[in-house]
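The values are calculated or read from the model by the stated rules, or taken from the named source; none is laboratory data. Keep in mind that what you see is a predicted model, and the values were worked out from it rather than measured. Positions of Cβ are backbone-derived with ideal geometry, glycine not excepted, and every protein chain shown enters the neighbour counts. Please note that ligands, DNA and RNA were not included when accessible areas were found on the heavy atoms of the full protein model with its side chains. Shrake-Rupley method; radii C 1.70, N 1.55, O 1.52, S 1.80 Å.
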Amino acid sequence: MQAGVQFDQLTEEEKHQHFMDRINRGEKIEADDWMPEDYRMSLIRLIAMHGISEIMGALPEKEWVPKAPSLHRKLAIMAKVQDEMGHGQLLLRVAEDLMAPLGKNREDIMQDLFAKRLKFHNVFHMEAPTWGDAGMIAWLVDGAAIISQSMMLDSSYGPYARALKRICAEEVFHAQHGESIILALAEGTPEQRKLLQDALNRWWPSLIMFFGPKSAKETGNSHADKNIMYKIRTKTNEELRQEFFTKYVPRIWALGLTIPDETIHFDEEQQLWIYKDVDWNEFKQIVSGNGPRSANRLDLRKRSYDNNAWVREALAAKKAI
Ligand SMILES: [Fe+2]
Ligand SMILES: [Fe+2]
């Protein structure tokens, strides 16, 4: 910006250029700063979806709190469920600040969720029928979440980057809790090992889907990935999926488990993992609210939201005094 020129006097194009210069210098954008509308909308979409996924993600493991096999495991999984709800609250607060200039708030996010306008992660629409599934979620779903969230620790949007710093620190504990469940089962009886293998078979396609379909850049589409252009994120879906394979495939094999994909291997020449792709139409169906447990979990969340309306009303009344 030229010296002596007020920001308000700049044209929209100049404001945009000034904004991009800040991002390219590595500066953080704050909630009250000027930002292009599509940057704001991209952030709202991403952070509301992330926040709601944390809250909906607590539900499959919550089912295992009363059934955990020991007091120690019960305390650990209960603490994890509480952490996930806390992550959700933290992120929805960040999303709310972005939505305020549009006259929207958290109530709109919740209503969008109930009307299936706001999607949450595919993995949280799935069943968790055994203790092995509870272990898989904490080990591999949280492991996948750490990979995708860590790349945004340096996000151009300051409030999101700061929230992620705290969230990622807690996710590491979650993954360790999952690893501990998995190791105990892997070293257990043949029945326990079978329980673990069955859980891996169930979760593998969902884990491939977790990172989303290949992005525009990878499919040769000329439209640049907007979130990458705005430095909200730094890696594509496929790059993250490859990172997940590099970290976890050798660990899964080391436990003597079989990945339900006979084609998976690392191709030295391409320096890439080759794997069997999933049915992305099925992914679309699941995230649209047609997964095996979508209706049940949305219903549970809605009932809990309605039952707690009196708390929100009481707090709002207190604030108004
Ligand atoms: Fe979380
Ligand atoms: Fe977690």
Rounded to the nearest 10 Å², the accessible area of residue 83 at probe 1.4 Å: 50
For Cα pairs less than 8 Å apart in space and 6+ apart in sequence, what is the mean separation divided by the residue count of region 15-320, i.e. the relative contact order in percent? 20
Label-point separation (nm) for residue 281 and residue 27, each offset 7 Å from Cα along Cα-to-Cβ? 4.9
With every protein chain present, what accessible area does residue 120 have (1.4 Å probe, heavy atoms only), rounded to the nearest 10 Å²? 10
How would you classify region 193-287 from its alpha-carbon gyration tensor, with a ≥ b ≥ c the square roots of the eigenvalues: rounded for a/c under 1.5, else prolate if a/b is greater than b/c, otherwise oblate? prolate
Residue order for 15, 319, 302, 214 - accessible surface, 1.4 angstrom probe, largest first: 319, 214, 302, 15
Just to confirm my numbers, what's the Cα centroid distance between region 43-85 and region 266-308 in Å? 16
Please pull out the direction-averaged projected area of the chain, using the convex hull of its alpha-carbon atoms, in nm² to one decimal place. 20.3
Could you derive backbone 3J(HN,Hα) for region 39-53 from the dihedral phi with the Karplus parameters 6.51, -1.76 and 1.60 (θ = phi - 60°), listing whole Hz in sequence and x where the residue is Gly or Pro? 5, 4, 5, 4, 5, 4, 4, 5, 6, 5, 5, 5, x, 5, 5
Which order do 22, 40, 312, 162 take by accessible area at a 1.4 Å probe, largest first? 162, 312, 22, 40
Calculate the spin-label point distance for residue 191 paired with residue 308, positioning each point 7 Å from the Cα along the beta-carbon direction, and give it in nanometres. 3.7
List the residues whose amide H sits under 5 Å from the amide H of residue 272, counting only those 5 or more places along or on another chain, with H placed 1.01 Å from N in the peptide plane. 267
HN-Hα J couplings of region 111-125 from phi, Karplus 6.51/-1.76/1.60, θ = phi - 60°, integer Hz, Gly and Pro as x? 5, 5, 5, 5, 8, 6, 7, 9, 8, 10, 3, 3, 4, 8, 9
Heavy-atom accessible area order for 263, 258, 130, largest first, 1.4 Å probe: 258, 263, 130
In sequence order, calculated HN-Hα J values of region 135-142 (Karplus, 6.51, -1.76, 1.60; Hz; x Gly/Pro): x, 4, 4, 5, 6, 8, 5, 5
Would region 170-218 count as rounded, prolate or oblate if I go by the C-alpha gyration tensor, calling it rounded below 1.5 in a/c and otherwise prolate when a/b exceeds b/c, oblate otherwise? oblate
Name the long-range amide H neighbours of residue 29: under 5 Å, sequence gap of 5 or more, or other chain; modelled H, no Pro or chain starts. 157, 158
When ligands, DNA and RNA are left out and all protein chains stay put, how many square angstrom of accessible area per residue does the chain have with a 1.4 Å probe? 51
In the chain the accessible area split gives carbon plus sulfur, as whole percent at 1.4 Å, a share of 54
With labels modelled as points extended 7 Å from the Cα through the Cβ direction, what inter-label distance (nm, one decimal) is found for residue 315 paired with residue 229? 3.7
